[in-house]
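The next block holds one structure in the form of structure tokens; read it before the comments.
Any read-out appearing in this document is the output of simple, stated calculations on the displayed coordinates, not a laboratory observation. This one's a predicted model, so the numbers in the text were calculated from it and none came from an experiment. Please note: Cβ atoms are built from the backbone with ideal geometry, for glycine as well, and neighbour counts cover all protein chains shown.
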Amino acid sequence: MATWLIGEFREKDAVASAIQSLRATGVGDKDMDVFSEEPVEFHKGVLDRPSNMALASVIGAIIFGGGATLLMRAAQYNYAVVTGGMPTFSFWGTGVITYETTMMGAVFSTFGYFLWESGIIRKRDKTAPVPAVPPESICLRIRCAGDAQKQKTILQNAGAKVLP
């Protein structure tokens, strides 16, 4: 059973300081979450979580576009139509469908990867409390695996009001 600490901050720099201090004591980036009414952008290196969304988008586009082109090619050769000397399969004739399915693949894979990264479609720890964030404040939620009192002290020293 995990213990959770939630610290409420008023300033972004105080949150960044708390994250750096907690990381120095061994708390991982996956054990910390930031909640706010507005997006909070930290400096590079504070709470970096690399994303592969661009790669997922490109791979999805290649798979969908390539798959649609192969299906059109198979259909055109299996159901050959006399075209008066023109080739049975032509990229010029299938270009619009290839383009549209490539874009569809990019959109679907980006949306699916977004759902995956956000945790909506993968199993997550459902016991984690989601804090009620007051206006103009930033909440830092920490999963405590070790000394919770030490982590609570770090939050308080950084200027947080620790929520029960």
Among [x] 16.5, 47; [y] 25.0, 82; [z] 14.4, 41, find the value of Rg and Dmax of the Cα atoms in Å that was calculated from the structure presented, and write down its label. [y]
Highest mean packing first, using Cβ neighbours within 10 angstrom, the peptides 148-159, 10-21 sort as 10-21, 148-159
Given 37 °C, 0.692 mPa s and a Kirkwood radius over Cα pairs, the Stokes-Einstein diffusion coefficient of region 53-117 in µm²/s is 256 µm²/s
Given the DSSP H assignment, sum -39500 (n - 2.57) over each helix run of at least 4 residues in the chain and divide by its residue total; what's the result at 222 nm in deg cm²/dmol, nearest 500? -16000 deg cm²/dmol
Any idea what angle helix 53-78 forms with the longest principal axis of the chain, computed on alpha-carbon atoms, 0 to 90 degrees, nearest 10? 20 degrees
Helix 148-157 axis, angle to the chain major axis (alpha carbon atoms, nearest 10°): 80 degrees
With Cα springs under 10 Å, the Gaussian network model of the chain assigns the largest mean-square fluctuation among 42, 114, 89 to 89
